[in-house]
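What follows is a set of notes on a single structure, which appears directly below.
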Protein chains: 2
Amino acid sequence: MSVANPSDKAVAILNSARALMMDRGYNGFSFRDVAAEVGIKSASIHYHYATKADLAEATAKAYREAFSDAMDGLVGLDAPATLRAYGTFFVTTLRDQGGLCLGGVLAADAITLPDQVRAEVISFFDTQHDWVAAVLRKGQAEGGIRADLDVDTFAKVFVSGLEGAMMVSRGIRQPQNLETVLEHLILLARP
Amino acid sequence: MSVANPSDKAVAILNSARALMMDRGYNGFSFRDVAAEVGIKSASIHYHYATKADLAEATAKAYREAFSDAMDGLVGLDAPATLRAYGTFFVTTLRDQGGLCLGGVLAADAITLPDQVRAEVISFFDTQHDWVAAVLRKGQAEGGIRADLDVDTFAKVFVSGLEGAMMVSRGIRQPQNLETVLEHLILLARP
DNA sequence: GTCTATACGGTGATAGAC
DNA sequence: GTCTATCACCGTATAGAC
């Protein structure tokens, strides 16, 4: 059922673009790739998204919002467990889809991105850094996080550590390396 | 002077390919880009390197060897200072050339890489992890590194943290963020 | 060693029929 | 909304003259 507002096809295109970009980056996917997955012709995609920049921008925005919703769903856990659940988003993506974080992929491609997509990347990491820092701050108050930690800086180490570990782990064909890095990062934050 | 063994042009092509790949990734540079920089036609590149895969492989191999030589030059420093000098390789690359580590860029592009290039990526990170772990182990013996640290795991956190921070820092247009992450990683390793 | 010329597939994008 | 047809590139790669 459901009335399907922004058109089912538009959503299908967005999902396909997201999966392809997480796998191969902005320069590694084409309208024809998306068309083949969705079951339409590449020309038809332009009806929903005028340009590749528009498609990538919409994809990045939807990803950022969905990621924020997922983070907001992490309640009722102490700080270390929250960090673990957050990191498990990355672990699951790599293990189940073989893909990277869309934010990280686009950051790597940043130089070649249209401005509007680049702006989404900046917004994505601002959100991530702020959210992780807030978790750490609460953890310090509860005693689960080292009291002498600079939370804003450690948040950046944590996020960049996970992003880098995703790429390196996939690159060296050792996906389980990501989990190792995640657990060690959490360990470093504990008292 | 100098007799110039592997042909000056071949070296110039390699250097151009390295800079372009560090900036835009494997799928973001072309034979025509290299040709324009070196001052020849793109067809002439094929005389030195038959295919793009061959060129990328040779570039990655030269990068890995040059990086190893640079690491071997870091002697006479204690462990924290060695880690700082190592991390400064990354900081300098980002600040002076605006480029990323070639290993990290290729890891991000790993899915789309020819096998021979992918193999170089694996070799690169094996070298990095082993070298950093050895520095940490020596540091533990000297007392400059936390004795309870799992050096093999922290080495991976350190390398992935720098790789991720390079991409994120450039992506959000805050290159100085890389230095912040580097210093914090060193701090976390100290007793 | 480098050139010109060219082959040939992939790419984003548009026009216009249905 | 989706299609076919087409465009104007750009990509790697090759053949053969110089």
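Laboratory data are not the source of any read-out in this text; all were calculated from the coordinates shown. This one's a predicted model, so the numbers in the text were calculated from it and none came from an experiment. Every residue, glycine as well, gets a Cβ built from its backbone with ideal geometry; the counts of neighbours run over all protein chains shown.
Please list the radius of gyration and Dmax for the stretch A:1-51, considering alpha-carbon atoms only, with Å as the unit.
11.2, 36
Kirkwood Rh over Cα pairs of the stretch A:1-127 into Stokes-Einstein at 25 °C, 0.890 mPa s: D in µm²/s? Present the calculation step by step, with values, prior to reporting the outcome.
On the way: Rh = 15.5 Å.
My calculation gives 158 µm²/s for D.
Can you list, shortest first and in nm, the gaps between the label point of A:A50 and those of its counterparts in the other copies, using a point 7 Å from Cα in the C-beta direction?
Those label-point separations list as 4.7 nm.
Size of the stretch A:24-79 along its principal axes in angstrom, Cα-based, largest extent first?
49, 21, 19
Among A:V151, A:V168, A:V75, which one shows the highest mean-square fluctuation when chain A is modelled as a Gaussian network with alpha-carbon springs under 10 Å?
Highest fluctuation of the listed residues: A:V75.
Grab every C-alpha pair in the protein assembly as shown, bin the distances at 20 angstrom width from 0 up to the longest one, and report whole percents.
Taking every Cα pair in the protein assembly as shown, the percentages come to 28, 56, 16, 1.
From largest to smallest, what semi-axes in whole angstrom does the stretch B:59-189 give when each is the square root of 5 times an eigenvalue of its alpha carbon gyration tensor?
Semi-axes, largest first: 24, 18, 13 Å.
Taking a label point 7 Å out from Cα toward Cβ, give me the nm distances from A:T88 to the same spot in the other copies, shortest first, one decimal.
Computed spacing set for this position: 4.3 nm.
Taking the simple approach of a point 7 Å from Cα along Cα-to-Cβ for both A:S7 and B:K41, what is their distance in nm?
If labels sit at A:S7 and B:K41, their model points lie 4.6 nm apart.
Hey, which residue of A has the C-beta nearest the axis mapping A onto B, and what's the distance in Å?
A:G164, 1
Listed here are the pairs A:K41/B:K52; B:K52/B:K156; A:K156/B:K9; B:K61/B:K156; A:K156/B:K41; A:K9/B:K156; which of them are more than 32 Å apart at the Cα? Spell out each step's value before the answer.
Details: A:K41/B:K52 30 Å; B:K52/B:K156 30 Å; A:K156/B:K9 42 Å; B:K61/B:K156 21 Å; A:K156/B:K41 44 Å; A:K9/B:K156 42 Å.
Distance filter (> 32 Å) returns A:K156/B:K9; A:K156/B:K41; A:K9/B:K156.
Please order B:H129, A:H46 by the number of other Cβ within 10 Å, starting at the fewest.
Ranking B:H129, A:H46 by Cβ neighbours within 10 Å, fewest first, gives A:H46, B:H129.
Cut-off 10 angstrom, C-alpha nodes, Gaussian network model of chain A. Which of A:L102, A:L94, A:L149 fluctuates the most?
In the Gaussian network model the winner is A:L149.
Place +1 on the Cβ of every Lys and Arg and -1 on the Cβ of every Asp and Glu in chain B, take the dipole about the Cα centre, and give the residue among B:T93, B:A133, B:L187 whose Cα lies farthest towards its positive end.
Sorting the options by dipole projection puts first B:T93.
Could you give the nm distance between label points at B:Q97 and B:A50, where each point is 7 Å from its Cα heading toward the beta carbon?
Result for the modelled spin labels: 2.8 nm.
With a Förster radius of 25 Å, plug the Cβ-Cβ distance of A:S123 and B:Q176 into 1/(1 + (r/R0)^6) and report the FRET value to the nearest 0.05.
With a Förster radius of 25 Å, E is 0.80.
Using a 7 Å offset from the Cα along the Cα-to-Cβ direction at both A:D78 and B:L187, what is the distance between the two label points in nm, to one decimal?
Going from the A:D78 label point to the B:L187 one covers 2.4 nm.
Output, in nm with one decimal and in ascending order, the distances from the B:D115 label point to the matching label points of the other copies (7 Å from Cα along Cα-to-Cβ).
Shortest to longest, the spacings are 4.5 nm.
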